[in-house]
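Chemist: Below you'll find the structure I mean.
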Amino acid sequence: MSHRTAGEDEIDVSTTRKALLWFLWLWIAAVTVIGAGFSPLAQGFAGLQGDSPLSSRIVYFHVPVAIASFIAFVAAGVTSVRYLRRREPRFDRSSRAAIELGLLFGVLATVTGAVWAKVQWGAYWNWDPRQTSIVLALVYYGAYLTLRDAIEDPETRARIAAAYGALGLIVAPFLYFVMPRMASFSLHPKPASAEMASPILGLVLAGTAGQVALFAWIHNLRCRQLALDERRGARPEEDEP
Amino acid sequence: MDPTLPQTSLAFDRLTRGYGRLMVVREASGAVAAGQVLLITGTNGSGKSTLLRCLAGLMAPQAGTIACTVAGRRLDVAARRRAIGYVAPDLGLYPELTCIENLTFFGRLRGLPPARGAALLDRLGLPPKRLAGALSSGMLQRLRWAWALLHRPPILLLDEPLQNLDAPGRRDVLELFEQHLERGLAVVASPDSLELPRVASRLELGR
Amino acid sequence: MSRPVSSWVAETLAILLKEWRGELRTRYALNTVALFAVTTLVVVSINLGPLGVSRAALPVLPVVLWLILLFAASAGLPRSFVHEEEIHTAAALRLAATPSALYCGKMLYNLSLIYLLELLVAPLYLMLLELAVAEPVTFVAALAAGGFGLAAGSTLIAAMVAQARIKATLFAVLAFPVLLPLLVFAVQLTLGAVAGDPKNGLVELLILYDGTLLVAGLMLFPVIWNP
């Protein structure tokens with residue numbers, strides 16, 4: 001295919017992209033504004049001092065980023081397996097980008113959770129089962145990035161990192177689902193039994209959709225950036241003068 | 001059986017492999033059949049060892065293909081590894097085991113009788129009960145040869161195969177090498193041209 | 001290319017035998033693991049022994065036992081693959097051994113090393129700290145199943161670490177999140193064994209995690225080991 005001049009075709013594509021992006025920003029902004037200002041207050045979140053349950057409105061950010069982080073880690077595990085099957089560098093870039101973003105969303109979930117925990121439960125950190133799970137996940141995927149840094153050869157790095165990423169897919173169910181049940185009680189409400197009013201649940205789901213879309217958008221950008229970096233790096237090194 | 005079809009052959013096409021930004025082997029191609037030797041020459045750092053490691057399946061090439069046929073059967077990379085005898089300066093054997101223990105261990109992995117290792121050690125003048133870690137560099141090179149020939153591989157990949165060998169050592173390994181060529185093929189890498197029998201093709205690496 | 005099972009077993013045993021023969025000559029892992037275990041054991045028993053703390057600290061003791069086992073093991077186990085890279089025998093092994101047999105051979109060697117370690121540490125620990133075990137069978141089951149997972153996980157992580165730089169530090173960083181669920185289950189079971197009221201399903205959970213690690217090892221090892 002020859003070099004294309006900037007035709008209507010391309011302008012159309014980028015306009016669609018821009019429109020989608022604006023829609024995404026508006027969506028997240030709407031969820032935030034409605035959630036923070038107008039949503040009904042959740043019952044049972046009166047706080048230790050018996051304040052009004054205003055703090056519960058952080059749920060529209062806290063739960064969506066936590067779910068986005070979980071989805072990012074699962075996506076990274078899946079692309080790791082695909083790399084091991086196909087050995088195409090794009091899967092390696094994709095799992096690396098997903099883990100970086102999973103860590104970012106995971107840290108946001110942890111921090112917002114800690115702030116909320118201070119208001120609700122009186123301490124930033126309680127080693128609540130869900131707090132334990134997310135910290136373990138953060139340590140696991142932080143180790144993944146350390147592993148990458150410690151291997152020089154790109155092929156070896158991609159292969160071994162993919163194996164560790166795939167192992168994460170196997171270990172994750174224990175971290176996220178089995179370990180939390182080990183504890184006799186959890187401060188976190190169980191998702192199924194939580195008595196959430198349907199507008200609250202709806203807003204949480206809308207927020208989750210927004211954060212996951214945000215993840216997908218940044219992930220796509222990061223993958224393209226990594227591909228550019230790799231292409232620049234793959235040029236044969238010039239001889240020293 | 002069609003005599004024009006080679007029963008055993010190794011061919012590689014436009015192999016490319018680098019380390020990070022540095023491209024070491026660039027689009028190297030070659031082919032060799034049973035009874036023949038492919039001699040690869042080139043200066044230090046021209047990618048001879050890297051090319052051999054790719055052929056051995058010890059390193060994945062970034063681009064290019066390797067086709068390996070043994071006794072009329074196409075081998076995948078896992079089968080190719082097991083069909084190869086490999087001598088290289090960075091090939092280590094267990095220093096805490098004796099010569100015969102080293103060969104017996106690898107013989108067991110390959111399902112060979114222990115007598116095979118003893119015979120090779122005798123043929124190459126190696127003391128069976130000496131620890132591999134206590135061998136001189138020339139003796140270690142002989143042990144590498146014994147390791148490579150242990151399973152009578154159809155394919156020999158030799159990286160600077162004569163280094164550190166004295167005159168009798170060279171004579172011994174070259175005799176074994178000629179015996180090998182009656183059945184199999186070999187790819188030999190060396191900085192300068194070697195006096196080898198049955199060199200059918202040459203490949204000069206580097207600029 | 002399906003090789004008969006008997007030759008696979010022979011390969012596995014050859015690797016196990018080779019590891020032990022080399023180990024008995026150099027005694028590197030044995031010395032490191034034993035010295036590490038005994039040193040920590042002494043430190044712990046001085047400070048937490050009958051004279052050190054009140055009996056109120058009893059529930060802490062099984063946790064400390066597993067920490068000693070974990071750290072002693074992580075001082076010795078990574079060597080199984082790191083050593084092969086250091087003496088450049090990895091290439092010879094890659095060309096000669098079936099990957100799954102290699103993983104199993106190394107794993108069995110690490111398993112025997114851990115069971116030896118537990119045989120040394122556990123009785124001494126119970127003696128020095130005057131810790132009475134209400135359910136000895138459960139206690140042994142916890143040690144056996146926990147040790148198995150420790151060996152299976154460590155062998156896999158050691159194979160990854162061997163191909164990287166900063167191997168020793170990296171082993172701890174990579175292995176601990178993988179071994180942590182195992183450790184939590186094993187500690188809970190040991191606590192239950194000591195107190196005499198183990199929770200239901202813990203043994204099964206521990207064995208499930210062992211099996212998961214072993215299967216993950218068998219599946220992932222070939223791609224980790226071979227380019």
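The values are calculated or read from the model by the stated rules, or taken from the named source; none is laboratory data. Treat the numbers as computed from the prediction; the structure is a model and nothing was measured. Cβ sites come from the backbone with ideal geometry, for glycine too, and all protein chains shown count toward neighbours. These area figures cover heavy atoms from the full protein model, side chains too; ligands, DNA and RNA do not enter into them. Shrake-Rupley method; radii C 1.70, N 1.55, O 1.52, S 1.80 Å.
Chemist: Where does each of A:207-217, C:128-138, C:5-15 land if you order them by average Cβ count within 10 Å, highest first? List each step's numbers first, then the result.
Modeler: Numbers: A:207-217: 19.9, C:128-138: 14.8, C:5-15: 16.7.
Ranked by mean Cβ neighbours within 10 Å, highest first: A:207-217, C:5-15, C:128-138.
Chemist: Express in whole angstrom the spacing between the alpha-carbon centres of region C:139-174 and region A:93-121.
Modeler: Their Cα centres are 27 Å away from one another.
Chemist: Just the number, please: buried accessible area between C and A, total of both chains, 1.4 angstrom probe, nearest 100 square angstrom.
Modeler: Values: alone 11230 and 15060 Å², together 23870 Å².
Approximately 2400 Å² gets buried when C meets A.
Chemist: Further question on the same structure: Just want the answer: with Cβ charges of +1 for Lys and Arg and -1 for Asp and Glu, which residue in C:A96, C:I207, C:A186 is farthest toward the dipole's positive end in chain C?
Modeler: Selected residue: C:A96.
Chemist: In region A:58-232, if the dipole is taken from +1 on Lys/Arg beta carbons and -1 on Asp/Glu beta carbons about the Cα centre, which of A:L84, A:V65, A:Y140 is farthest to the positive end?
Modeler: So the residue furthest toward the plus end is A:L84.
Chemist: Let me ask you something else. For the pair B:S137 and B:R123, how long in nm is the line joining their label points, each one 7 Å along Cα→Cβ?
Modeler: About 2.7 nm, to one decimal.
Chemist: Another question about this same structure. Hey, how much of the P(r) for region A:58-232 falls beyond 20 Å, as a percent of Cα pairs? Mind dumping the intermediate values first?
Modeler: Working: 8430 of 15225 pairs.
Tail of P(r) above 20 Å: 55 percent of Cα pairs.
Chemist: Per the Cauchy relation, a quarter of the hull surface: what is the mean projected area of the convex hull of the alpha carbons in region B:75-189, in nm²? Walk me through the intermediate numbers first.
Modeler: Details: hull surface 27.1 nm².
Projected area, direction-averaged: 6.8 nm².
Chemist: Let me ask you something else. Peptide B:99-109: average number of partner chain Cβ atoms within 10 Å per residue? Working shown, then result.
Modeler: Working: counts 0, 0, 5, 3, 0, 3, 10, 7, 2, 10, 16.
Per-residue shielding by partner chains comes out at 5.
Chemist: If you don't mind, another one. Dipole of region C:2-225, Cα-centred, from +1 at each Lys and Arg C-beta and -1 at each Asp and Glu C-beta, to the nearest 20 debye? Don't skip to the answer; put the middle values down first.
Modeler: Numbers: 12 positive and 12 negative charges, 105 e Å.
That gives a dipole near 500 debye.
Chemist: Now for a different question. Among C:Y28, C:Y109, C:Y209, which one shows the biggest mean-square fluctuation in a GNM of chain C, springs joining Cα atoms closer than 10 Å?
Modeler: C:Y28
Chemist: Now a separate question. With a 1.4 Å probe on protein heavy atoms only, work out how much accessible surface A and B bury together, total over both chains, in Å² to the nearest 100.
Modeler: On the way: alone 15060 and 10460 Å², together 24800 Å².
Looking at A and B, the buried total is near 700 Å².
Chemist: Share of region A:58-232's accessible area from carbon and sulfur, percent, 1.4 Å?
Modeler: Details: 5180 of 7910 Å².
Heavy-atom surface of region A:58-232 belonging to carbon and sulfur, 1.4 Å probe: 66 percent.
Chemist: Now, a different point. What is region B:143-207 by shape, rounded, prolate or oblate, if you read a ≥ b ≥ c off the alpha carbon gyration tensor as root eigenvalues and call it rounded for a/c under 1.5, prolate for a/b larger than b/c, and oblate otherwise?
Modeler: Values: a/c = 1.66, a/b = 1.24, b/c = 1.34.
Oblate, since a/c reaches 1.5 and b/c is not below a/b.
Chemist: Kindly work out what percent of the DSSP beta bridges joining two residues of region B:9-204 are antiparallel, to the nearest 5.
Modeler: Details: 17 of 36 bridges.
Percentage antiparallel, nearest 5: 45.
Chemist: Under a point spin-label approximation (7 Å from Cα along Cα-to-Cβ), what is the C:F71-C:V140 distance to one decimal in nm?
Modeler: 2.9 nm
Chemist: While we're on this one: Compute the long axis of helix C:167-195 from its Cα atoms, compare it with the longest principal axis of the Cα atoms of chain C, and write down the angle in degrees, 0 to 90, nearest 10.
Modeler: 40 degrees
Chemist: Using a probe radius of 1.4 Å on heavy atoms only, what accessible surface per residue do you get for region B:9-204? Whole Å² is fine.
Modeler: Values: 7830 Å² over 196 residues.
On a per-residue basis, 40 Å².
Chemist: Top mean-square fluctuation among B:F177, B:F105, B:F12, Gaussian network model of chain B, C-alpha springs under 10 Å?
Modeler: Fluctuation is largest for B:F105.
Chemist: Moving on to the next point. If R₀ is 51 angstrom, what is the calculated FRET efficiency for the pair C:Y28 and C:A195, using the beta carbon separation as r and rounding to 0.05? Don't skip to the answer; put the middle values down first.
Modeler: Details: r = 38 Å, r/R0 = 0.75.
After rounding to 0.05, the efficiency reads 0.85.
Chemist: Could I ask something else about it? Let a ≥ b ≥ c be the square roots of the eigenvalues of the Cα gyration tensor of chain B; is it rounded (a/c under 1.5), or, if not, prolate (a/b larger than b/c) or oblate? Provide the component values of the computation, followed by the final result.
Modeler: Values: a/c = 1.62, a/b = 1.36, b/c = 1.19.
Verdict is prolate for chain B.
Chemist: Given the options C:M107, C:M127, C:M160, which has the most mean-square fluctuation in a GNM of chain C, springs set between C-alpha atoms less than 10 angstrom apart?
Modeler: Fluctuation is largest for C:M127.
Chemist: Something else: Could you run the numbers on buried accessible area between B and C, total for both chains, 1.4 angstrom probe, in Å² to the nearest 100? Walk me through the intermediate numbers first.
Modeler: Values: alone 10460 and 11230 Å², together 19280 Å².
Roughly 2400 Å².
Chemist: Still on this structure, I have one more. Relative to the longest principal axis of the C-alpha atoms of chain C, give the angle of the C-alpha long axis of helix C:60-76, reported between 0 and 90° and rounded to the nearest 10°.
Modeler: 20 degrees
Chemist: Could you state, as a whole-number percent, how many of the C-alpha pairs of region C:2-225 are farther apart than 24 Å?
Modeler: Working: 11087 of 24976 pairs.
Looking at region C:2-225, the distances longer than 24 Å represent 44 percent of pairs.
Chemist: Can you compute the label reach from C:E130? Point 7 Å from Cα along the Cβ direction, backbone N cut-off under 12 Å, restricted to region C:18-49.
Modeler: C:49
Chemist: Okay, moving on. Please find the FRET efficiency linking C:R165 to B:A60, where r is the Cβ-Cβ separation and R0 is fixed at 22 Å, and quote it to the nearest 0.05.
Modeler: Numbers: r = 20 Å, r/R0 = 0.90.
The calculated FRET efficiency here is 0.65.
Chemist: Please calculate how many Å² of accessible area chain C carries per residue, with a 1.4 Å probe and no DNA, RNA or ligand atoms counted.
Modeler: 39 Å²
Chemist: Hey, can you grab everything whose amide H is under 5 Å from the amide H of B:Y19? Only 5+ residues off in sequence or another chain; H modelled, so Pro and N-termini drop out.
Modeler: Hits under the 5 Å cutoff: B:V24.
Chemist: Here is a further query. Using 1/(1 + (r/R0)^6) with R0 = 60 angstrom and r between the beta carbons of A:N126 and B:R74, what's the FRET efficiency to the nearest 0.05?
Modeler: Working: r = 61 Å, r/R0 = 1.02.
For A:N126 and B:R74, the calculated efficiency is 0.45.
Chemist: Here's another thing I want to ask about it. How much mean residue ellipticity at 222 nm does chain B get from its helices, if each DSSP H run of length 4 or more adds -39500 (n - 2.57) and you divide by all residues, to the nearest 500 deg cm²/dmol?
Modeler: Details: 6 runs with 63 residues, N = 207.
Helix contribution divided over all residues of chain B: -9000 deg cm²/dmol.
Chemist: Which lysines, if any, have their Cα less than 28 Å from the Cα of B:K129, not counting same-chain residues under 8 positions apart?
Modeler: C:K18, C:K106
Chemist: Would you mind telling me the share, in percent, of accessible area of region B:9-204 contributed by carbon and sulfur at probe 1.4 angstrom?
Modeler: 50 percent
Chemist: Taking amide hydrogens as modeled 1.01 Å from N in the peptide plane, which residues meet the under 5 Å criterion relative to B:L205, leaving out close sequence neighbours?
Modeler: Correct list: B:T41, B:G42.
Chemist: Using the Cα atoms as the points, what is the convex hull volume per residue of region C:112-183 in Å³? Could you put the intermediate results ahead of the total?
Modeler: On the way: hull volume 7.3 nm³, N = 72.
Dividing the Cα hull volume of region C:112-183 by its residues yields 102 Å³.
Chemist: What is the ratio of the Cα radius of gyration of the protein assembly as shown to 2.2 N^0.38 Å, with N the residue count, to two decimals?
Modeler: Values: Rg = 29.9 Å, N = 675, 2.2 N^0.38 = 26.2 Å.
The reported ratio for this selection is 1.14.
Chemist: How big is the dipole moment of the protein assembly as shown about its Cα centre under a simple scheme where the beta carbon of each Lys and Arg is +1, that of each Asp and Glu is -1, and everything else is neutral? Debye, nearest 20, please.
Modeler: On the way: 61 positive and 50 negative charges, 156 e Å.
So the magnitude is around 740 debye.
Chemist: Other chains near A:144-157: what is the mean number of their Cβ atoms within 10 Å of each residue's Cβ?
Modeler: On the way: counts 3, 0, 6, 7, 1, 4, 11, 6, 5, 8, 5, 8, 6, 3.
If you average over the peptide's residues, the count of other-chain Cβ atoms is 5.
Chemist: In whole percent, and with a 1.4 Å probe on the protein chains, what portion of the accessible area of region C:2-225 is carbon and sulfur? Don't skip to the answer; put the middle values down first.
Modeler: Details: 6370 of 8670 Å².
Percent of accessible area from carbon and sulfur atoms in region C:2-225: 73.
Chemist: Relative to the longest principal axis of chain C, what angle (0 to 90°, nearest 10) does the C-alpha long axis of helix C:136-161 take?
Modeler: So the inclination is approximately 40 degrees.
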